[in-house]
Structure formats: structure tokens, C-alpha cells
Amino acid sequence: MNDLRFFQNSDTDEEVDFLPILPDEDGADGKKIDIPEALPILPLRNTILFPGVVLPITIGRDKSIQAIKYAYKEHRLIGVLGQVDGSIEEPEFNDLFSIGTVAQIMRLIKMPDGSTTAIIQGRHRFMAKALVSNEPFMLASVEPLQDIMPVDDKEFEASVLTVKDLAAEIIKLNPQIPSEATIVLKNIANPITLIHFISSNLNIPNSEKQKLLEVADMKERVRLVLEALNRELQMLKMKNDIQAKVKQDIDKQQRDYFLSQQLKTIQDELGITSADKDVERLKEKLSKLTLPQKAKEQVEKELEKLQRMNPAAAEYSVVLNYVDLILDLPWGIYTQDNFDINNARKVLDKDHYGIEKVKERVLEYLAVLKLKGDMKSPILCLVGPPGVGKTSLGQSIANALGRKYVRIALGGLHDEAEIRGHRKTYIGAMPGRIIQSLKKAGSSNPVFILDEIDKVGADYKGDPSSALLEVLDPEQNNAFYDNYLELEYDLSKVLFIATANTLQTIQPALRDRMEIIPIEGYSVEEKIEIAKKHLIPKQITNHGLKPRQVSISDKVLEQLIEEYTKESGVRELDRQLASVMRHIAKKVATGERYSPVIKSHDLVKILGPQKFDKSIYNEENIPGVAVGLAWTPVGGDILFIEATASRGTGQIILTGNLGNVMKESATTAVTYLKSNAARLGIPDGIFAKVDIHLHFPEGATPKDGPSAGITILTALASLFTQRRAKPYLAMTGEITLRGKVMPVGGIKEKILAAKRAGMREIIMCHHNARDVQQINPAYIKNMKFHFVKTMDEVITLALQKNRVKNPIDWNIYLKTDTNTAPKQPVTAQR
């Protein structure tokens with residue numbers, strides 16, 4: 001609540017002390033006055049007048065002075081309305097609230113400074129209906145408003161008493177309100193006057209006071225006043241609690257300061273202080289290190305500052321931690337590389353099967369380092385689906401080179417300070433993860449894994465991927481600057497290896513700084529070898545078994561891979577093998593008899609029914625269905641494309657959660673088919689008579705990219721020529737309006753997905769032949785590849801020569817009689 005002793009200026013924001021003014025209870029309900037049909041209007045800028053409340057105001061506006069003088073001479077009644085916006089100097093009628101209070105001018109005083117002061121008392125609520133005149137003052141037609149009073153309502157009486165008690169408690173808690181206010185409250189017997197008086201002095205915005213004035217139901221007005229009082233009481237209690245806590249904290253700080261001063265005095269008498277110990281320890285540490293000149297000068301400067309500083313000071317620990325960090329960093333400390341290339345090859349082959357391209361790149365780096373003696377480390381980026389061993393490969397490379405290994409996970413990182421560090425002026429400041437990791441490694445040339453670099457975020461705190469530009473640039477990272485360290489640190493000898501599932505989300509400037517090495521998914525044959533050499537021995541050890549207690553043949557492994565996993569990596573395979581090992585471990589632990597040799601029928605008992613059935617890819621489909629190959633961040637996949645047609649106006653309907661590029665491929669395919677309809681034996685004009693619906697199953701999975709182009713065109717050609725697509729055949733490639741087939745990426749993943757699905761033939765662009773040549777011939781054995789240049793070749797290879805039995809007669813759609821055409825989407829019979 002505001003101070004009850006205030007002098008309100010209707011034209012300014014000033015508040016000055018004035019004599020206590022008690023509310024007049026006589027006539028508070030307004031029944032003893034006759035309100036004329038039109039009243040002069042007095043705008044109030046910073047307050048709302050309630051009935052029964054006496055208010056002194058200073059009049060400054062010319063119109064307001066004219067209005068108050070006129071009203072004082074005529075009937076001493078004036079309409080008081082609050083301004084909607086208090087900043088308006090000369091308000092118009094529309095700038096005022098429509099509901100206000102009829103006030104009686106009790107006294108008019110001419111002040112020595114020339115201003116006019118009026119003492120007014122609110123008498124009755126009214127509504128200003130319309131402006132009668134605007135000069136020399138506002139005159140408006142008014143309508144008195146009656147309050148709705150509850151009769152013999154105990155709840156209303158209890159609410160009024162609660163309001164009174166809350167107001168008294170607020171006066172007691174708020175030191176700014178004089179104690180005389182309590183006496184004022186006790187002397188108000190009329191409940192209406194009490195509510196109006198408290199409403200007028202509530203510490204709430206004028207807009208909320210206006211809402212209170214506009215409420216006609218007195219019971220509802222009391223409820224709103226109770227809510228406002230409760231809010232204010234809670235705020236006052238919280239404020240007092242905070243003040244008490246702050247006072248207690250200050251007292252504790254003073255006590256701690258005096259105690260620390262006494263302790264310092266005692267230590268001084270003994271001739272040794274804790275600060276001296278810290279400084280001596282750091283100086284001894286500095287003498288044993290070979291720091292760069294700038295770093296040494298910085299440490300000496302900070303040590304001098306530390307000696308002059310009070311250990312109890314807050315900055316003491318900041319400086320101490322800063323110097324400790326500088327001295328803990330491995331300045332000029334490098335591990336000796338193992339230049340035995342044959343040994344490095346053995347280590348890499350032992351830990352990982354396949355991925356020859358990465359192994360060769362590491363061995364090349366080691367060979368050049370051996371010959372040259374000193375060179376900047378490359379920045380490698382391993383890109384591939386999950387579970388192919390990108391992260392674990394970093395540990396193997398560190399072992400092969402004989403270097404320390406550190407890893408930071410960048411997934412979800414969105415604060416630039418995580419890379420560059422915080423400035424040490426901030427409370428709780430820390431160096432960035434790069435410097436922290438080097439301190440942990442104890443070497444300036446570790447193998448540094450930047451895991452999941454494609455999942456770095458960005459927000460208002462900065463863009464970490466932009467901060468990585470300096471880290472991953474061989475021309476700049478020899479002088480990497482950390483905000484906390486405030487010194488340059490040489491990262492040129494660090495072998496940075498980033499990992500990612502996709503390059504699409506890595507910003508181009510960062511991608512340009514890295515040497516991209518793709519790691520494709522594994523074939524079934526590779527997965528079998530990985531399981532035999534790595535996964536099975538690991539799971540046997542993890543489950544406390546012995547090698548003789550379990551045996552899994554290559555044939556069973558192949559069945560497990562094809563029927564229970566569908567992935568490019570081996571993580572799911574590892575989990576399924578763990579399930580098998582748990583089953584065996586239970587048998588061994590309970591002493592139950594079992595056969596250590598896992599057979600095909602055992603997989604169903606242990607793992608349940610097969611999860612993936614590739615027979616659906618080998619069925620002979622109806623016309624309008626073609627099988628494509630897709631690339632995803634988790635590897636290759638098979639993609640069905642279904643086409644159908646129904647009577648319409650030539651619209652193309654696309655469903656299946658498609659991206660813009662795939663939608664454009666569908667449009668291109670339809671346009672090509674229209675322009676070559678006659679040559680393909682498709683009736684002229686049929687495209688204007690039917691709606692084409694293309695559907696890509698698994699609608700919850702987003703799909704995009706141009707590689708489905710030839711599959712879309714094949715599905716459409718199959719529908720309109722009524723020739724089925726050949727079974728066991730898949731395809732991938734981009735198309736143009738000229739009917740050319742363009743090359744696409746992700747060929748190895750797509751081919752492996754096709755093989756997993758049991759496909760025997762694959763159609764692709766002739767430019768992709770070089771990608772197929774890089775795949776081990778053993779992995780694509782018994783698969784036939786067709787390398788094409790045009791869509792005519794695709795249609796010839798993909799579609800059967802003969803039409804289906806009972807084909808759709810498209811001529812029906814060309815007839816004008818709609819009753820003769822099918823009304824439902826049509827598909828051919830098998």
C-alpha cells in the first residue's frame with residue numbers, strides 16, 4: 001500500500017507529504033446527492049478516485065482549471081476520470097476511461113506559487129456516455145452507476161474483516177507506511193468506505209485500480225481487493241526475508257574477515273603464511289618447467305600479484321587457479337612417436353576389420369613423419385553411419401602411433417565458450433575443452449577425437465562450429481588463443497580426428513578445413529568376420545564365459561545378421577550376440593545341460609521370431625510399383641515407390657513425407673513421361689484425364705534427394721504401360737528432362753542394402769561404375785549391375801516385355817461419359 005499521507009498532483013508525477021486526510025463516510029454511497037445529466041470532466045493522470053475517499057489535487061492544465069472553477073460555482077460536482085495513458089499531456093475524451101467517480105469539491109485554494117489546489121471527495125460511480133463539448137473544458141453526459149450490495153451475506157462480512165486484517169498486517173510489515181494508518185482503518189465502520197479507501201491506496205497499477213472501480217458487484221470487488229492484498233503481503237514477506245538474509249550474510253562476511261585477519265596476524269608472528277606457501281610451491285614448479293617466454297612472464301606477473309594479495313580476498317583463488325592451470329599445461333611436452341609402420345599396421349588390423357582407406361591414410365602420415373621428422377598434423381574427418389567404429393578407431397590410431405588419446409563429445413554443444421573458454425573475470429570461469437583435454441593428456445601431440453562434429457548446435461551464446469575453424473586450421477592452430485588462458489598455445493602437432501554421420505549439417509568453411517574420409521557400412525561377410533574376431537570374444541569375456549562354452553558357425557551368424565539386424569554398422573549385432581551370451585550364461589550358472597553349438601532353430605528360442613523378412617522385396621509386384629535404393633545417415637535402405645491413377649484433372653499427388661528435391665524429381669518424371677507418351681505406347685491425352693498418386697511407404701521417415709528419379713519414372717512407366725517391374729531388381733539414379741541418367745552418391749551403402757534385401761540386379765548411371773569397382777568383388781558376388789545412360793535403357797531393363805493379363809484400358813478415361821470410367825483408383829490385376 002502507498003503512504004496514506006500524500007499530496008497528489010493530477011498533472012505531474014510528484015508526491016509530497018500532506019496532513020492526514022480521513023475518508024468521509026457520510027454519503028459514500030452517493031444517495032444524498034443529485035447528479036446532473038452533464039458534468040465537467042477532470043482527467044487524473046496518476047491515480048483513480050474511489051467513492052468516499054478525500055483527495056487533494058493540484059490543478060495545472062488550463063482546461064482542468066476552467067472545469068473545476070465552473071463546477072465549484074455551479075453545483076460543486078465534477079466527473080473525475082483516470083487517463084488510460086498517463087504520459088499524455090493534453091488528453092482528449094477518448095484518452096480517458098469511460099467509468100469514473102463523481103466528486104464533490106470540498107475546498108478550492110489558490111496557492112502562493114499561482115497554482116490551484118482542490119480538495120475533492122468521491123461520491124458516486126458514473127459512466128461518461130458522450131462528449132457534449134470540448135471547450136473551454138470537457139463536458140460530458142453521464143449516467144450514475146449503482147453498486148450491487150449483498151444482503152445478510154455472512155461470507156461478504158467475513159471477507160471485509162479479512163481485508164481489514166490483511167491491510168493492518170501490511171501496515172505493520174511495511175516501514176514506509178506510518179503507524180497512524182492502523183488507527184484510520186479501525187475508525188472506518190462502513191464496509192463500503194473501507195473497501196474504497198483500501199482500493200485507493202493499494203500498491204497496484206492504475207489499470208488494475210480502474211478494474212476495481214468498474215466492478216459493480218461489491219462482493220466481487222472485495223474478492224479482487226483480497227487477491228491484491230495477498231499478493232502485496234507475500235511480496236512484503238519475501239522482501240523482508242531477503243533483507244534479513246542479506247544482513248545475516250554481511251554479518252558472516254565481517255566475522256570471517258576479522259577471523260582471517262587474526263589468523264594472518266598469528267601466521268605473521270610465526271613467520272610463515274599460507275599465501276607464502278602457495279607462492280613458493282608455484283615458483284618451485286615454474287623453475288622445473290620450460291615455458292615459452294610470454295607464458296613465463298605472465299606467470300611471474302601473476303605470482304607478484306599473488307604475494308601482495310590477501311588470501312581471504314575473492315580474487316586470490318582466481319589468480320591461484322589461473323597460475324596452476326598455466327603450470328599444469330604440457331608446454332613443449334611431446335610423446336615419442338612409434339615409427340614402426342609394420343607394427344602400426346598390426347595394431348590397426350587387430351582392432352578393426354576392413355576400413356582400409358583410413359588405415360592407409362594413417363600409415364602414410366606416419367611414413368612422412370618418419371622421413372621428414374617434423375610436420376603439421378592433418379585434420380581428418382571420418383564420415384559414416386553409426387556403429388562402424390569411427391570413435392574406437394581413434395583409440396587404435398593413438399595406440400598405433402604411441403600417442404596419448406583424448407576425446408570430447410561435441411553433440412549438442414551450443415556455447416562457444418566450451419571451445420574457447422570463458423574470460424577469467426567471470427565467476428566460475430574455466431578454460432575451454434581443448435585446453436582442459438590437453439592438460440588431462442599431459443602431452444601436446446595427442447590423438448584428439450572430436451566426436452559427433454555434425455551435431456554441434458548454435459544459439460545466442462555463440463556458434464561453436466565457428467570457434468572450431470581456428471582449432472582445425474593447420475595455418476592458424478599453431479597459435480590457438482583461449483579466452484581463459486589469455487596466451488597462445490600450439491596445437492599444430494595434435495592429430496585431430498573428427499567423426500560425423502553426415503556432412504550436410506557441417507558448415508562449409510569447417511568442412512573445407514578437414515580431409516574427409518568416408519567409412520561405408522559393412523557387408524554381411526565383413527560383419528561375420530568382425531563378429532568372429534571382435535564381438536564374440538568380447539561378449540564371451542563380458543559374460544564370464546569361456547570360449548569352449550559357446551560356438552556359433554558362420555551360417556548361423558549370417559542368419560542372425562540377416563534376420564535380426566538391419567544396419568550398416570554392428571551395434572545391433574553386438575546387442576543380439578549379448579542376448580545369446582546371456583542365454584548361455586544362465587544355462588552355465590544353473591548347471592543346466594545344453595549344447596554349446598548354437599544352431600539356426602536356437603535363434604528363434606533365444607531372440608524370438610525373425611525381425612526382418614527380406615522376402616517382401618522379392619515378390620512380383622503389380623504394375624506401378626518399383627524398388628529404389630536410398631541413402632540415410634544410418635546406411636543404405638530399400639525404398640518402394642507406388643504409383644496409381646484415378647479419374648481427375650491431371651493433378652500429381654505426392655505422399656510419404658518428401659523433401660523438395662524428391663518432389664521435383666517426381667514432377668520431372670511425369671513431365672518426361674508426358675513428352676514421350678506416344679513413343680512408349682501411352683494413349684495421347686490420358687494425363688489430362690487422370691490424377692496421378694505417387695506414394696513412398698514408411699511415411700513417418702523423411703525422404704529427400706534426387707536418387708529416386710529413375711525409380712519414380714519406372715513406376716509411372718510400369719503403371720501406364722501395364723508392364724510389371726522385374727523381380728529381384730533395384731535401381732538408383734537422378735534423371736533430367738532430356739531423359740539422361742545422372743550419377744548419385746552413397747553407392748556402397750545402397751549396394752549393401754540391396755544385397756541384404758536379396759536383390760540380384762541393380763541399375764545405375766554409367767558414371768557410378770567407378771564406385772562399384774572400389775567394392776571388394778567377394779562382397780558383390782552373384783549380383784549383376786546395369787550401367788545406363790538414358791531412361792530408355794532403364795525402362796527396357798526394368799520392365800517385363802509383356803503386359804499383364806486384364807490390363808487397364810486407358811481409353812475408358814478418354815471418353816466424355818463419366819459413368820463409363822472407374823471412380824476409384826485403379827491398379828492392374830496380377
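The values are calculated or read from the model by the stated rules, or taken from the named source; none is laboratory data. These numbers come from a predicted model, not from an experiment. Note that each Cβ is placed from the backbone with ideal geometry, even for glycine, and that neighbours are counted across all protein chains shown. Surface accessibility is based on the protein's heavy atoms, side chains included, excluding ligands, DNA and RNA. Shrake-Rupley method; radii C 1.70, N 1.55, O 1.52, S 1.80 Å.
Where residues in the range 722-749 are of a type in the set (Val, Ile, Thr) and surrounded by 20 or more Cβ atoms within 10 Å (Cβ to Cβ), which of them is nearest to LYS789 (Cα to Cα)?
Among them, the one singled out is VAL741.
Looking at (1) more than 33 Å from the chain's Cα centre (by Cα); (2) under 23 Å from THR732 (Cβ atoms); (3) not hydrophobic (A, V, I, L, M, F, W, C), which is the one condition that is false for SER646?
Every listed condition holds for SER646 apart from (2).
Check off (1) at pLDDT 85 or above; (2) within 19 Å of GLY636 (Cα to Cα); (3) surrounded by 14 or more Cβ atoms within 10 Å (Cβ to Cβ) for LEU799 and give me the number that stays unchecked.
Unmet condition: (2).
Here are some residues: LYS748, LYS726, LYS703. Which one is among the basic types (Lys, Arg) and modelled with pLDDT of 85 or more?
Within the list LYS748, LYS726, LYS703, the selection yields LYS726.
Kindly establish whether ILE775 is over 18 Å from LEU799 (Cα atoms) and buried (at least 24 other Cβ atoms within 10 Å of the Cβ).
Judged against the criteria, ILE775 is not a match.
Give me a count of the residues in the range 587-610 that are of a type outside the set (Asp, Glu), over 44 Å from the mean Cα position of the chain (by Cα) and open to solvent by 40 Å² or more (accessible area, probe 1.4 Å).
So the answer is 13.
Which of the following residues is part of a strand (DSSP E or B) and among the β-branched types (Val, Ile, Thr): ILE449, ILE435?
From the options ILE449, ILE435, the qualifying one is ILE449.
Does LEU224 satisfy the criteria of being at pLDDT 85 or above and either under 48 Å from the mean Cα position of the chain (by Cα) or over 25 Å from GLN146 (Cα atoms) (or both)?
Yes; evaluated as a whole, the condition is true for this residue.
Being surrounded by 15 or more Cβ atoms within 10 Å (Cβ to Cβ) and in a helix (DSSP H, G or I) is the filter here, so list the residues in the range 675-717 that pass it.
Within the range 675-717, ILE686, PHE687, GLY709, ILE710, THR711, ILE712, LEU713, THR714, ALA715, LEU716, ALA717 qualify.
Scan the range 350-402 for residues that are open to solvent by less than 60 Å² (accessible area, probe 1.4 Å), out of contact with any strand residue (DSSP E or B) (no Cβ under 7 Å at 6 or more places or on another chain) and among the β-branched types (Val, Ile, Thr) and report the count.
Within the range 350-402, residues that are open to solvent by less than 60 Å² (accessible area, probe 1.4 Å), out of contact with any strand residue (DSSP E or B) (no Cβ under 7 Å at 6 or more places or on another chain) and among the β-branched types (Val, Ile, Thr) number 3.
Could you count how many residues in the range 186-223 are of a type outside the set (Lys, Arg), outside any loop (DSSP other than H, G, I, E, B) and over 18 Å from PRO56 (Cα atoms)?
15
Kindly indicate whether any position in the range 120-139 is within 49 Å of the chain's Cα centre (by Cα) and either open to solvent by less than 20 Å² (accessible area, probe 1.4 Å) or not basic (Lys, Arg) (or both).
no
Would a scan of the range 661-673 turn up a residue that is open to solvent by 40 Å² or more (accessible area, probe 1.4 Å), modelled with pLDDT under 85 and not aliphatic (A, V, I, L, M)?
no
For LYS784, work out the one condition from (1) touching a residue at least 60 places away in the same chain (Cβ under 8 Å); (2) over 42 Å from the mean Cα position of the chain (by Cα); (3) more than 24 Å from LYS357 (Cβ to Cβ) it doesn't fulfil.
Result: LYS784 passes all but (1).
Closer than 20 Å to ARG125 by Cβ and assigned to a loop (DSSP other than H, G, I, E, B): which single residue out of GLY100, GLY79, GLY86, GLY52 fits that description?
That would be GLY52, the only listed residue that is closer than 20 Å to ARG125 by Cβ and assigned to a loop (DSSP other than H, G, I, E, B).
In this structure, does LYS252 turn out to be part of a helix (DSSP H, G or I), more than 30 Å from ASP147 (Cβ to Cβ) and of a type in the set (D, E, K, R)?
When the stated conditions are applied, LYS252 passes them.
Can you tell me how many residues in the range 551-568 are open to solvent by less than 10 Å² (accessible area, probe 1.4 Å), at pLDDT 85 or above and not in a helix (DSSP H, G or I)?
Number satisfying all stated conditions: 0.
With ARG423, ARG407 as the choices, which residue is touching a Ser or Thr at 6+ places or on another chain (Cβ under 8 Å), open to solvent by 10 Å² or more (accessible area, probe 1.4 Å), of a type in the set (D, E, K, R) and not in a helix (DSSP H, G or I)?
Answer to the selection: ARG407.
Being within 47 Å of the chain's Cα centre (by Cα) and open to solvent by 50 Å² or more (accessible area, probe 1.4 Å) is the filter here, so list the residues in the range 89-111 that pass it.
Residues satisfying the conditions are GLU89, ASN94, SER98.
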